[in-house]
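See structure below.
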Amino acid sequence: METQDTFSWFDHISDDILLHILCAVPRNDWKNVIKVCVRFRNVCHDKDLFRYSDLACAYGMSDRELEDYIRAGNRYIERLNLNHCYWLSSSTLSAFIPRCKKIQELFLLDCKLTSKALTKIICSIECLKSIVFSVYNLIEFSNIINGNQEVQSSLKHLKHFGLHIREELNGNKQNSLQFHLSQQTTVIEYCPDLESFCVIGTPGLSQKLSKRLVHSLIVKREHLKSLKTMSINCTNDATSRLYFFGILVKAFDEPGIHFTNLSVSGLDLKQAVKRSYFIRSLKESCPTLQNLDLSKVLIDELEASITIEDAPCLKHLNLADIRSESRCLGLLISASNCSNLVSLNLKGATSGCRYWQKEELEGLDLVLKNCVHLQHLNISGVHVHENESDKTLVDILTQHDISAFKSLALSVCCLVNTKEKGKSTKGFISKGLGKRQRIARQPQPSTSTSEGPDSNAPTSTELSRLCKACPRVTSLELINTGFNQSVIHSSHKSVYDPCKISHMLRENDLSGISYLTNLRYLQLTGLPGISNGKFLKEIATKCVQLDTLWLAYIGLGPQIPGIWDSLKFFKNLLDLRIEQPWMKLDDSFYQSCLGCEQLQRLVIVSKNSRFEPKPLENFLTKATNVYVIQLFTDTTLKDCDRYQAVLQKRFESQRPGFHAVLEHLHHERVPAVLAALPLVHLDEITQLSSIVCSKPLLSLWGD
């Protein structure tokens, strides 16, 4: 008889079932799976396992291991995703990707490819239909296309084209580059059947666009007729914006184009595009639109000119940070007409005062009533406590069935019920971080949350009511409306001026988050009413699936004693970002971080603090899964450069993909450092911002 020591279920299942199981294993673990036994090795060479090869962010995979993988599967690979594998050499990519002759979809976003390597890859794959890649010089990329007939011939078969541009920060050459580009033929010239055209630039480098230069681009209008998806990123620098906004202008000028996915984030309709063209194109596309991103669009009296009606297919609508002199009421009414809406982003969608009145709440009520398929909602960056309505924001949300919600973003002050008897909204006036002036009796933590003698007992707060109403939420953001981005070159003054109502959200209120047992991502930014931070332990022990945690400005004091001790209970955390002044980056802090056994990325932003090199090095030695460490502190520039070089040299050979950034928070070179960061880190963890409902088109980039 078989003993328990020798019995294995894998010996009693078929190869088909084993293959089905191994297909769910991340492809970057392929190198380890084939070493288990001969049977595993044989199954791991099956064509079904290689056909769709997703190696995006494959931390730990070396050039040699990628070579072995492609050698084994080059006959079968039809879709290869190497997005954000920024450490792989250009020579390896150009030598081995061309061996995969059956590739139809190729994703090389954030990969360091030379122009020669990129040319070789494009020209060697005949059946390529979709390609996404990064270039570090737009002029060089343009010259590749316009000066190589073999590349032009290879582009004819493309259906989907995605381009990520990292322009160098060199203002002296900007004008000459723009003039040179204005004489270039665009990629549309060589892609007659293009259906998707997406361009993304480097965040944080936005500049105004020159109307004079845009219209001189050469674009074949007949090649625009098949265009269904166009994504424009608002943060490209002027040179990059010139290139693809010119294509956008021509697309709007061409009647009869019906978009399925349209993103024009940051577009200035007064400057770059004829307003009538844009409105006509949007109106004609309404019956076919599925994704629409109008975030940060600048136009006077926006809702009076743009109405979204008869859009039965629209699922994702982004109206974040609409820059209009008028209010967002008309846009809310328009959104309520989209009955199949799944995602709605209203972040900061108000007038300059950022207050919602009774009419806006009624508009949101109408949206929730009509859009029964809504699952993702972002209404952060707005105040609702100064309106005449008898209902709070939570009342509006919970009176509808929101049990299917998966993502939610709110302002901190929206979770304080100022209508309840005994609540005072005049307790504090904030004068910046770390300062508080008492002008009335200070309310105790139990005043607004406790109903019995036990002040630590969970109570029926606004937040707990909300969390009980949508228990399936996987992404939650609580963001104070007074917060501004801080990882930029700026003065030492505070970037955080909390709303005075937000002081009344206390420790016990936050216990409601623990009801969200499916939570995967949590951001808590600006909680001035926190005094000890013990609520983190309760969240950690109940929300066991949490893998991304962002904490910023917890409490008003420089440092809350023991707040970081709770970090050791987040066992499955992959990404941790903390922005807090006066942090003690010592052995005690890193010991708590070691409790996050799966941690891969750690970002600390802390003014008035310095890191200690020895504890940091010891932490990285023990935390074997950490591949990204970023410390923005007030440590001297000389020390930052020296220790960053030491860490990079020591760990990058052991951990392919290891990336260390040690930087003085307020130094003038910070923008250049950010621009040089791999996009996956800059976009996902370095910049602190609201990400709920912000990226509905990720599938077009292979994510």
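The values are calculated or read from the model by the stated rules, or taken from the named source; none is laboratory data. Quick caveat, the model's predicted, so the values are computed rather than measured. So basically every Cβ, Gly included, is an ideal-geometry build from the backbone, and we count neighbours across all protein chains shown. To get the accessible areas, we keep the full protein, side chains included, count just its heavy atoms, and leave off ligands, DNA and RNA. Shrake-Rupley method; radii C 1.70, N 1.55, O 1.52, S 1.80 Å.
The mean accessible area for residues of the range 1-103, using a 1.4 Å probe and ignoring ligands and nucleic acids, is 54 Å² per residue.
Over 23 Å apart at the Cα level, from the set 296/468; 296/695; 468/568, are 296/468; 468/568.
Distance distribution P(r), the range 636-678, all Cα-Cα pairs, bin width 10 angstrom from 0: 28, 50, 21, 1 percent. Residue 78: accessible area at probe 1.4 Å, nearest 10 Å²? Here the residue's solvent-accessible area equals roughly 50 Å².
Once you divide the Cα radius of gyration of the range 524-599 by 2.2 N^0.38 Å, the number left is 1.02. Within the accessible area of the range 617-693, the carbon and sulfur atoms contribute 51%, probe 1.4 Å, all protein chains present. Each of residue 45 and residue 12 was given a label point 7 Å from its Cα along the Cα-to-Cβ line. The distance between the two points is 2.9 nm. Here the label points at residue 78 and residue 369, each 7 Å from Cα along the C-beta direction, are separated by 4.8 nm in the simple model. Only protein atoms count toward the accessible area here, which uses a 1.4 Å probe; on the range 335-417, the carbon and sulfur part of that area reaches 41 percent. Taking amide H positions as modeled 1.01 Å from N, with prolines and chain starts lacking one, the residues under 5 Å from residue 523 and 5 or more places away or on another chain are 476, 477, 478, 550.
Once you compute Rg and the Kirkwood Rh from C-alpha atoms, what is the Rg to Rh ratio for the range 77-138?
Values: Rg = 10.4 Å, Rh = 11.4 Å.
With Rh from the inverse mean 1/r over Cα pairs, Rg/Rh is 0.91.
Taking N as the residue count of the range 1-94, its C-alpha radius of gyration divided by 2.2 N^0.38 Å amounts to 1.23. When the Cα positions of 621, 580, 680 are compared along the charge dipole of the range 555-703, 621 comes out farthest toward the positive end, with charges on each C-beta of Lys, Arg, Asp and Glu.
Ratio to report: Rg/Rh of the range 545-658, with Cα atoms as the point set and Rh obtained by the Kirkwood method; give two decimals.
Working: Rg = 13.6 Å, Rh = 14.4 Å.
Over the Cα atoms of the range 545-658, Rg/Rh equals 0.94.
In the complete set of protein chains, residue-level accessible area for residue 624 is approximately 80 Å², probe 1.4 angstrom. The accessible surface of the range 523-612, taken with every protein chain in place and a 1.4 Å probe, is 48 percent carbon and sulfur.
The tail of the calculated P(r) for the range 43-148, taken as Cα-Cα distances beyond 21 Å, holds 29 percent of the pairs. The figure for residue 20 is an accessible area of roughly 140 square angstrom, using a 1.4 Å probe on the protein chains alone.
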